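Enquirer: Let me give you the structure first, and then I'll get to my questions.
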């Protein structure tokens, strides 16, 4: 599934104002082809795709490439891993096409640890994606480590307390950041003015432009008025929604030419 946000309504000088109405377009299909988007028309893409070698996504990947399921059944984890990423590579290639020069691609991804056959190992999704995007022409920028505190209680894997059988527990994911080409240039007075309007406060810069984010989840109260049930029904609904996640997805945020953000 893919969503695209655009601005409408110009300000007094003809450029979209910060209070402009925003439209959200949802395309419930794979992002391996985004024919509704023109070349170099998108300024920012933020996505969290299905994570290769996480068991809950095996079926989705296998539907697109039957050889993935076969490789898993035969205990060929490395082959399945590579085939899953070949499917994602199509998305990154399409992202490169639709991004404007200087546009950004941000990918939230986690690595996977898994036993396939009799072998337990780490499947490094973040490094595989980084090298694929570099080969496509993206500029690789400093990444963010997102510490996921929900994993903290599970400190041991494998044989637990026994030496040579306990493995490090992954407690973080990655936010990979790529840019298409060189930094964006601001040539016209209007573009330069918009850049100044978008400047960060010092406190914002110090808080968010660091390589480690420690963000925990926030409990949400799900009331009957929102169409949610309680107890088992709520859990079943959550699982159904999670299972319906599209196999390959991305979010594209599009703004008109006059309202490009830095």
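Enquirer: Can you tell me which of 128, 29, 97, 83 is out of contact with any strand residue (DSSP E or B) (no Cβ under 6 Å at 6 or more places or on another chain), at pLDDT below 95 and not in a strand (DSSP E or B)?
Expert: On the way: 128 fails: at pLDDT below 95; 97 fails: at pLDDT below 95; 83 fails: at pLDDT below 95.
Testing whether each residue is out of contact with any strand residue (DSSP E or B) (no Cβ under 6 Å at 6 or more places or on another chain), at pLDDT below 95 and not in a strand (DSSP E or B) leaves just 29.
Enquirer: Where residues in segment 148-181 are more than 29 Å from residue 94 (Cα to Cα) and modelled with pLDDT of 80 or more, which of them is surrounded by the fewest Cβ atoms within 10 Å (Cβ to Cβ)? Give the steps one after another, and end with the answer.
Expert: Here is the first cut: in segment 148-181, the ones more than 29 Å from residue 94 (Cα to Cα) are 148-171.
Still in the running and modelled with pLDDT of 80 or more: 148, 167-171.
Working: 148: 17, 167: 15, 168: 11, 169: 13, 170: 15, 171: 15.
The selected residue is 168.
Enquirer: List every residue pair whose Cβ atoms sit under 8 Å apart, with the two residues 6 or more apart in sequence or on different chains, where the first one lies in segment 98-126 and is at positive phi and in contact (Cβ under 8 Å) with a residue 60 or more places away in the chain and the second, anywhere, is assigned to a loop (DSSP other than H, G, I, E, B) and surrounded by fewer than 20 Cβ atoms within 10 Å (Cβ to Cβ).
Expert: 102/181; 102/182; 102/183; 102/184; 102/185
Enquirer: Out of all the residues in segment 185-215, which are modelled with pLDDT of 90 or more, closer than 24 Å to residue 133 by Cβ and in a loop (DSSP other than H, G, I, E, B)?
Expert: Residues satisfying the conditions are 209, 210, 211.
Enquirer: Taking segment 1-26, which residues are modelled with pLDDT under 50, in a strand (DSSP E or B) and touching a helix residue (DSSP H, G or I) at 6+ places or on another chain (Cβ under 9 Å)? Before you say what the answer is, go through the steps one by one.
Expert: Taking segment 1-26 and keeping what is modelled with pLDDT under 50, we get 8-19.
Then drop every residue that is not in a strand (DSSP E or B), which leaves 8-10, 16-19.
Those that are modelled with pLDDT under 50, in a strand (DSSP E or B) and touching a helix residue (DSSP H, G or I) at 6+ places or on another chain (Cβ under 9 Å): 10, 16, 17, 18.
The values are calculated or read from the model by the stated rules, or taken from the named source; none is laboratory data. All of these numbers come straight from a predicted model, not from anything done at the bench. Note that each Cβ is placed from the backbone with ideal geometry, even for glycine, and that neighbours are counted across all protein chains shown.
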